[in-house]
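Heads up: the structure comes next, in structure tokens.
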Amino acid sequence: MKNRPIIGAIASQVASNEQKQMLNGIITQAQKLNMDTVIISNVYNGSRFEPSMVAENQIYELLAADVLDGLILTPMVYEPEMKEQVFSKLKSVNLPVVSAGVDDEAIDSVNVSVIKDFEKLTDHFIEKHGYSDIAMLTGPENIETSRERVNGYRNSLEKHGIKFDQDKIYYGDFWIVSGETLAKKYISGELKMPQAIICANEFMAFGLIDTLMENGVDIPEKMSVAGYEHVNERIF
């Protein structure tokens, strides 16, 4: 018999800095409320399908186990079919479910406005630095949060009378390699370097910055770069 309520937290790539910070907050608050916490998470990059996912995704069968008293869904990066499987299981369990940073009509959600955040980031480049040639590196095109970040960027451009150019939007995968790949295109001359670029997260921003600087490009003198979602490890 359970002595304390058990709250399940569902995550993906639980070792990432963003997930660790969020789970730390959930666990700390649960302890204050005299609750235990169970973390259910995979470890792969969910935006790219790998055969090993088929076996690893069986962890989500635990959602149907009769041991949890509630579920918290944290932001997850999944390829569409996997996301549908997870959300289908969530909707079938007879438990209270709340999401943190994940919008779904069937689940109560607590969230920040990613659109507003990226509008403010773009506002800063335009209003404080006077830039008008601003590009953006976002996440996979089929993921809603990637599109929301672009929408915020677009809102700011149009608010300031700057025409939105789809050719200045580049799609990555929220990981360092995306930034490195884009940087190499600037270095080779395949792409014209803008005055500034906004990256949808800091992993991509650091991949971009590191590669540019390794090839003699002065940041921010040659090009300004903004990231999003603090990567704590880089403070060192």
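The values are calculated or read from the model by the stated rules, or taken from the named source; none is laboratory data. What you see is a predicted model, and the numbers here were worked out from it, not measured in a lab. A quick note on method: Cβ atoms are made from the backbone with ideal geometry, for glycine too, and the neighbour counts reach across all protein chains shown. Side chains are part of the model used for accessible areas, which takes the heavy atoms of the whole protein and leaves out ligands, DNA and RNA. Shrake-Rupley method; radii C 1.70, N 1.55, O 1.52, S 1.80 Å.
The helices (runs of 4 or more DSSP H) located wholly in the range 133-221 that include 1 or more residues which are closer than 16 Å to F118 by Cβ occupy 144-159, 202-214.
Among the residues that make up the range 163-178, is at least one of them closer than 27 Å to Q19 by Cβ, touching a residue at least 24 places away in the same chain (Cβ under 8 Å) and out of contact with any Gly (no Cβ under 8 Å at 6 or more places or on another chain)? For the range 163-178, residues closer than 27 Å to Q19 by Cβ, touching a residue at least 24 places away in the same chain (Cβ under 8 Å) and out of contact with any Gly (no Cβ under 8 Å at 6 or more places or on another chain): present. All of G152, G139 fail the test of being touching a helix residue (DSSP H, G or I) at 6+ places or on another chain (Cβ under 8 Å) and closer than 21 Å to I209 by Cα, apart from G139.
Out of curiosity, is A15 within 19 Å of D173 (Cα to Cα), at pLDDT below 70 and exposed (fewer than 13 other Cβ atoms within 10 Å of the Cβ)?
Yes, satisfied.
Restricted to the range 190-203, and to residues there that are at pLDDT 95 or above and over 20 Å from N155 (Cα atoms), the residue that is most open to solvent (accessible area, probe 1.4 Å) is K192. Restricting the first member to the range 144-155 and to residues that are of a type in the set (A, V, I, L, M, F, W, C), and the second to residues that are surrounded by fewer than 20 Cβ atoms within 10 Å (Cβ to Cβ), the beta-carbon pairs closer than 7 Å and six or more apart or on different chains are V150/I169. Applying the criterion of being farther than 13 Å from I72 by Cα and at pLDDT 90 or above to the residues of the range 18-35, the residue that is nearest to the chain's Cα centre (by Cα) is T28. Looking only at residues in the range 133-170 that are acidic (D, E) and open to solvent by less than 50 Å² (accessible area, probe 1.4 Å), the one that is modelled with the highest pLDDT is D133. Scoring T211 on the criteria (1) farther than 21 Å from P75 by Cβ; (2) open to solvent by less than 40 Å² (accessible area, probe 1.4 Å); (3) among the polar types (S, T, N, Q); (4) out of contact with any helix residue (DSSP H, G or I) (no Cβ under 6 Å at 6 or more places or on another chain) leaves a single failure, condition (4).
I'm trying to understand the selection: among the residues of the range 98-132, which are modelled with pLDDT of 75 or more, open to solvent by less than 30 Å² (accessible area, probe 1.4 Å) and among the aliphatic types (A, V, I, L, M)? Listed by number, the residues that qualify are A100, V114, I126.
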